[in-house]
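Following: one structure in structure tokens, then a few remarks.
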Amino acid sequence: MIRAILFDAFQTLIDLHPSYAGAFADVCRRFGHDVRAAEIEAVLPEVEAEHHQRHQPHANGWRCTAEELHERWLDYNRLVFKAAGVRDGLDEMAHDMERRFNSGEYAHSYDDAMPALQALRERGLKIGIVSNGTQGVIDCLQALGYAERTDFTLVSALFGFEKPAPEIFMEACRLAETAPHETMFVGDNLKADCEGARDAGLRPVWLTRNGVDQAPVPFPRIKSLFEVEGLLNAPVASVE
């Protein structure tokens, strides 16, 4: 029996508006750089590859500190702006992007997020959010109204481990006061969210909003958070 449902934050409950690339392009414009969202979008794959190579969080068993994760995201921001052709003021722009992100200025909830959480809370379920992020994620979620609609938010920078480490999933179960097998985890990242939750003994659900990835997985896959409620009495394993 499921007694708690945990959610990833970004690309699960919330996203950046007008888009992830659009937020970076907006900061560029504010600093006098004519960079379009499509240009940002085009460089993101190379940026993410370089960023992963520079930091490799798995090398330390997915341990992290608030200072380290803060600097890691600032470095990511700088890499994006640099790849888009910006050469001056990278540090100032990186911090500006962080500030606007943390304030919730660029964030918005998916249309299904709040109604789905409300329906699940009305069933008496504990609701938590577990994110690989800093205090800024908590600030952003609070600005959007999630503090009043969830029982807790757990971010990796304040706990010391990132998903997919089992430690952060077990801490979430402790906060929810549930056993892992009584806890469902919904997220968009196959490795960090779903495989991490599965390996920690939770019941994972893979959210693929665009429906593009059709790889078979040994757990349920959904396209909308409205589908979560229907999974509460589903078998432990389900392959599409």
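The values are calculated or read from the model by the stated rules, or taken from the named source; none is laboratory data. These figures come from a predicted structure and were not determined experimentally. Here the Cβ positions follow ideal geometry from the backbone for every residue, glycine too, while neighbour counts run over all protein chains shown.
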Item to check | Where a residue in the stretch 72-86 is at positive phi and its partner, wherever it lies, is assigned to a loop (DSSP other than H, G, I, E, B), with Cβ under 8 Å and at least six apart | outcome: Gly85/His33; Gly85/Val35
Next on the checklist: Yes or no: the stretch 230-239 includes at least one residue that is among the β-branched types (Val, Ile, Thr), within 15 Å of Ile127 (Cα to Cα) and in contact (Cβ under 8 Å) with a residue 24 or more places away in the chain.
Outcome noted: no
Checklist entry - Which residues, counting only those in the stretch 114-124, are in contact (Cβ under 8 Å) with a residue 60 or more places away in the chain and surrounded by fewer than 21 Cβ atoms within 10 Å (Cβ to Cβ)? => result Pro115, Ala119, Arg123
Next on the checklist: Could you tell me how many of the residues in the stretch 125-151 are among the aromatic types (Phe, Trp, Tyr) and surrounded by fewer than 15 Cβ atoms within 10 Å (Cβ to Cβ)?
Outcome noted: 0
Checklist entry - Which one of Val35, Val27, Val47 is among the β-branched types (Val, Ile, Thr), in a helix (DSSP H, G or I), in contact (Cβ under 8 Å) with a residue 40 or more places away in the chain and not assigned by TED's automatic domain parsing to the domain that holds Pro204? => result Val27
Next on the checklist: All but one of (1) out of contact with any helix residue (DSSP H, G or I) (no Cβ under 7 Å at 6 or more places or on another chain); (2) assigned to a strand (DSSP E or B) hold for Trp206; state the number of the condition that does not hold.
Outcome noted: (1)
Checklist outcome for this item: Considering the stretch 164-198, residues that are β-branched (Val, Ile, Thr) and closer than 19 Å to Leu232 by Cα, and then whichever is nearest to the chain's Cα centre (by Cα), we arrive at Val186
Item to check | Test for Glu171: is it outside any strand (DSSP E or B), at pLDDT 95 or above and out of contact with any Pro (no Cβ under 7 Å at 6 or more places or on another chain) | outcome: yes
Checklist outcome for this item: Counting only residues in the stretch 217-240 that are at pLDDT 85 or above and assigned to a loop (DSSP other than H, G, I, E, B), the one nearest to Ile2 (Cα to Cα) is identified as Leu232
Item to check | Qualifying positions in the stretch 137-147 - of a type in the set (A, V, I, L, M) and part of a loop (DSSP other than H, G, I, E, B) | outcome: Leu144, Ala147
Next on the checklist: I'm told His52 meets every condition in (1) part of a helix (DSSP H, G or I); (2) under 30 Å from Ala147 (Cβ atoms) except one. Can you identify the failing condition by its number?
Outcome noted: (2)
Checklist entry - Where residues in the stretch 117-136 are in a helix (DSSP H, G or I) and at pLDDT 95 or above, which of them is nearest to His17 (Cα to Cα)? => result Leu117
